[in-house]
Amino acid sequence: VMTNTTGAKCAICDGRVDQHDKPCNECGVLVHTSCAYTFESQFSSGTCSACRYTKASIGTEDYEEPKCHLCNQHGGFLVKSSAKPVSMKVWKKGSRRWNKSLFGGTKYCHAICAMWNEQSYIEHFENEPIAQCKEVIMSNGMSHITHQFRCVLCGMSNGIKADCSHPECRKSKEPWKYHISCARAAGFEINDDMKTCCFRHVDSSSVFRARLEDFLEVELCRLPDQTIRASAP
């Protein structure tokens, strides 16, 4: 668990935290007090929802370690997820198949993954935040509606991928699709209006990858015969 929060960022809004913002006592996830209270008033107890679930359920038959099913990553600020199949004809609640599917059991996803995907959203039920993901899960309950696409950043096809919101990217034959958590880690622009933009359609002056490419371009121009070819794989 982090004790020095200098320079740390909120796992929800990505803003800088200060000494008054405390991490979860179990996993160390750090969020603004105001952000945490917006999603989960019980976070004030010092433990996040995922850690409370783990402490209460670990060792039981149906226990699964909490992780975000929208990006398949562990850690971060997780909220419970909910989804209902269009028809219950082939489903039996309480069955092993039901519990292992994305419809049953206790599933989690990152608050940011639910907020920044256009077909999912956060709602409150009995003072607890629930990520409604019924529009992004296939009828088989085992995959997501973008399972046929790979994230351009991590290369994985699991989870749900968001599109670059720039009009030019959306009209192209190969629009960039990526996990929201991957986009944040890579430095993509994630706006307050829930829109994201890829490297090609945003000012990338502060993006690590873009800056590396700039350095490479300088070297290619300075010593074209002694550096790698730009067209090389």
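The values are calculated or read from the model by the stated rules, or taken from the named source; none is laboratory data. Small disclaimer: the values here were computed from a predicted structure and weren't measured. Here Cβ is always computed from backbone atoms with ideal geometry, including for glycine, and neighbour counts include all displayed protein chains. Note: areas computed on protein heavy atoms with side chains; ligands, DNA, RNA excluded. Shrake-Rupley method; radii C 1.70, N 1.55, O 1.52, S 1.80 Å.
Is segment 3-154 best put as rounded, prolate or oblate by its Cα gyration tensor, with a ≥ b ≥ c the root eigenvalues, rounded for a/c under 1.5, and otherwise prolate when a/b is larger than b/c, oblate when not?
prolate
Greater than 27 Å separation of Cα atoms is the criterion. Which listed pairs, LYS22/LYS100; LYS55/LYS93; LYS92/LYS195, meet it?
The answer is LYS22/LYS100; LYS92/LYS195.
Among the trypsin sites (Lys or Arg not before Pro) within segment 55-146, which fall in a DSSP loop and have no more than 16 other Cβ atoms within 10 Å of their own Cβ?
Sparse-neighbourhood loop trypsin sites (Lys or Arg not before Pro): LYS89, LYS92, LYS93, LYS134.
Using 0.36 nm times the number of residues separating PHE125 and THR47, minus their current alpha carbon distance, what extension gain do you get?
Gain in length upon complete extension: 26.1 nm.
Tell me, in nm to one decimal, what length is gained between ALA8 and ILE145 on full extension, where the rule is 0.36 nm per residue of separation less the Cα-Cα distance?
That works out to 45.9 nm of additional length.
If I take R0 = 35 Å and measure r between the Cβ atoms of TRP98 and GLU26 in this structure, what FRET efficiency does the formula 1/(1 + (r/R0)^6) give, to the nearest 0.05?
According to the calculation, E is roughly 0.75.
What FRET efficiency would be calculated for the residue pair THR33, MET156, taking the C-beta separation as r and a Förster radius of 35 Å, to the nearest 0.05?
0.60
Using a 1.4 Å probe and counting only protein heavy atoms, arrange PHE125, PHE103, PHE149 so the residue with the most accessible area comes first.
PHE125, PHE149, PHE103
Order ILE112, ILE122 by their accessible area, 1.4 angstrom probe, all chains in place, largest first.
Greatest to least solvent exposure: ILE122, ILE112.
How many nm separate the modelled label positions at HIS74 and ARG170, each set 7 Å beyond the Cα in the direction of the Cβ?
3.7
With a ≥ b ≥ c the root eigenvalues of the C-alpha gyration tensor of segment 79-144, is it rounded (a/c under 1.5), prolate (a/b larger than b/c) or oblate?
Prolate.
Keeping all protein chains in place, calculate the accessible area per residue for segment 110-168 (probe 1.4 angstrom), answer in Å².
Working: 3090 Å² over 59 residues.
For segment 110-168, the per-residue accessible area is 52 Å².
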